[in-house]
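Trainee: Questions regarding the structure given below will be posed in turn.
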Amino acid sequence: MKNTIIICCLLLLAGCGKPTATQVYTTCDMTSIYSHTSFPVGVAVDAYKLQTNDQYRNIVIAQFNSLTGENAFKFESVEPAEGQYNWTETDYIADFARQYGKRLHGHTLVWHSQLPDWVPGYTGDWRSMLRDHITQEVGRYKDVIHSWDVVNEAFNEDGTLRSTLWLTHLGTGYIQMAFEDAHAANPQAKLFYNDYNLEWNPQKLDGVLRLLTQLRAAGVQVDGIGMQMHISSSYPDISLAGDAAKKIANTGFLVHFSELDVNMKEPDSRTLLSADEQQQQARRYAAVFTAYSQLSPAQQFGITLWGVSDADSWIVRGLPLLFDNNYTSKPAYCACKSLK
Ligand code: G3I
């Protein structure tokens, strides 16, 4: 009898904290999300909204301890003309991070998208152009940005390198060049590779791990991998994401769930989720946070939400975030705080 009681208690304990298919997330207090987790919880931010939208600003200050510039630190924003830098938005976000004591993650130095008009037709020395861009931006913020998405979305779904301007003009070594330039500009910074679908596509993840372990073996500093985690209400199974995260961690890299949102694929007309859809979304968020919390603490870089409210999301009408269009917290917000 005594053994039966012990076994029952152990089974009950084993189920603690893990979201169940029927778990309901109701209201919760408004203490910060990150006070309920053992890892940083960040958010993608926009400088203009921080300056002009008090609800947006207050949620960022109160709920998150890490920031990522959603667009401000990208090539088109920072260097709109060759050698001419615009630091207006980046300086604002950097000063905001300093003022409120937030970690600031740089996104992103080298990407095939959001390039300024002058880059595609550039006829000068591409190696110098890349080095100058990285050196200027990483160097300017070395006091406040201690981690960077050095390269973003450089792989195809089959694990081969994506054909981009960078590959065309610099060859397959451009990724190594970018990491070396970022390290030279800020030797203390943690340097990441960032991509989507790594959470469910093992072929893509293996291609990424293959290259990054080769770079690391060659003495290039590569510290972590950003799994963007743009997921939907039903896909992928979070166990796939957990397994991928563990594989990255076991390869010795930090793991950043770098752009988390849960797209509910709302029909265009609707601006609200039903109660069941709210709970479905909350359970997805709880499963993601639970899976992430099971990584070794030494490998946890944190989870970053890709926006503050549904009104701010890049996914138009996807209603994917923790706060609704009126900046009211959703059950998904409480689900992220259910770890402790
Ligand atoms: O800055 C211009 C503004 O001057 C103009 O008036 C306005 C209307 O055309 O567009 C503004 O640029 C927009 C930019 O965001 C800044 O707001 C672009 O049109 C818009 O396409 C761009 O979208 C961003 C998208 O990256 C571009 O690919 C999203 O906000 C941003 O959330 C999204 O983030 C990416 C990550 O960086 C990488 N991973 C995927 C993720 C989602 O695409």
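Trainee: GLU89 versus (1) of a type in the set (Asp, Glu); (2) farther than 27 Å from TYR174 by Cβ; (3) crowded, with 18+ Cβ neighbours inside 10 Å: which is the lone unmet condition?
Mentor: Status for GLU89: all satisfied but (2).
Trainee: While we're here: What about PHE301, is it within 16 Å of the ligand (Cβ to nearest atom) and either among the β-branched types (Val, Ile, Thr) or under 19 Å from LEU191 (Cα atoms) (or both)?
Mentor: Working: within 16 Å of the ligand (Cβ to nearest atom): no; either among the β-branched types (Val, Ile, Thr) or under 19 Å from LEU191 (Cα atoms) (or both): yes.
Here the answer is no, as PHE301 does not meet what is asked.
Residue by residue, here is whether (1) within 19 Å of LEU115 (Cα to Cα); (2) free of Cβ contacts under 8 Å to residues at least 60 places away in the same chain; (3) buried (at least 17 other Cβ atoms within 10 Å of the Cβ) holds:
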residue	(1), (2), (3)
PHE155	yes, yes, yes
ARG162	yes, yes, no
LEU167	yes, yes, no
TYR174	yes, no, yes
PHE179	yes, yes, yes
ALA184	no, yes, no
ASN194	yes, no, yes
LEU205	no, yes, yes
VAL208	no, yes, yes
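Trainee: Here's another thing I want to ask about it. Failed condition for LEU130, given (1) surrounded by fewer than 16 Cβ atoms within 10 Å (Cβ to Cβ); (2) of a type outside the set (Val, Ile, Thr); (3) within 30 Å of ASP206 (Cβ to Cβ), with all others met?
Mentor: It fails just one condition, (1).
Trainee: Can I ask one more? Considering only segment 52-67, how many residues are open to solvent by 40 Å² or more (accessible area, probe 1.4 Å) and closer than 23 Å to TRP148 by Cβ?
Mentor: The total comes to 1.
Trainee: Conditions first: (1) farther than 19 Å from ILE225 by Cβ; (2) open to solvent by 40 Å² or more (accessible area, probe 1.4 Å). ALA94 passes all but one, so which condition is the exception?
Mentor: (2)
Trainee: Take the residues of segment 222-261 that are within 16 Å of the ligand (Cβ to nearest atom) and of a type in the set (S, T, N, Q): which is modelled with the lowest pLDDT?
Mentor: Among them, the one singled out is SER232.
Trainee: Now for a separate question. Give the residues of segment 268-315 that are of a type outside the set (A, V, I, L, M), without any contact (Cβ under 8 Å) to a residue 40 or more places away in the chain and part of a helix (DSSP H, G or I), sorted by residue number.
Mentor: ASP276, ASP310
Trainee: Still on this model: So, of the residues in segment 115-148 that are hydrophobic (A, V, I, L, M, F, W, C) and assigned to a helix (DSSP H, G or I), which turns out to be nearest to PHE96 (Cα to Cα)? Full working, then the answer.
Mentor: Initially, segment 115-148 is screened for residues hydrophobic (A, V, I, L, M, F, W, C), giving 115, 118-119, 126, 129-130, 134, 138, 144-145, 148.
After this cut, where a residue has to be assigned to a helix (DSSP H, G or I) as well, the list is 126, 129-130, 134, 138.
Numbers: TRP126: 33, MET129: 29, LEU130: 28, ILE134: 22, VAL138: 17 Å.
Selected residue: VAL138.
Trainee: How many residues does segment 304-325 hold that are within 13 Å of the ligand (Cβ to nearest atom) and aromatic (Phe, Trp, Tyr)?
Mentor: 2
The values are calculated or read from the model by the stated rules, or taken from the named source; none is laboratory data. Quick caveat: nothing in here was measured; it's all calculated off a predicted structure. Please note: Cβ atoms are built from the backbone with ideal geometry, for glycine as well, and neighbour counts cover all protein chains shown. Accessible surface is based on the protein model in full, side chains and every heavy atom, while ligands, DNA and RNA are left aside. Shrake-Rupley method; radii C 1.70, N 1.55, O 1.52, S 1.80 Å.
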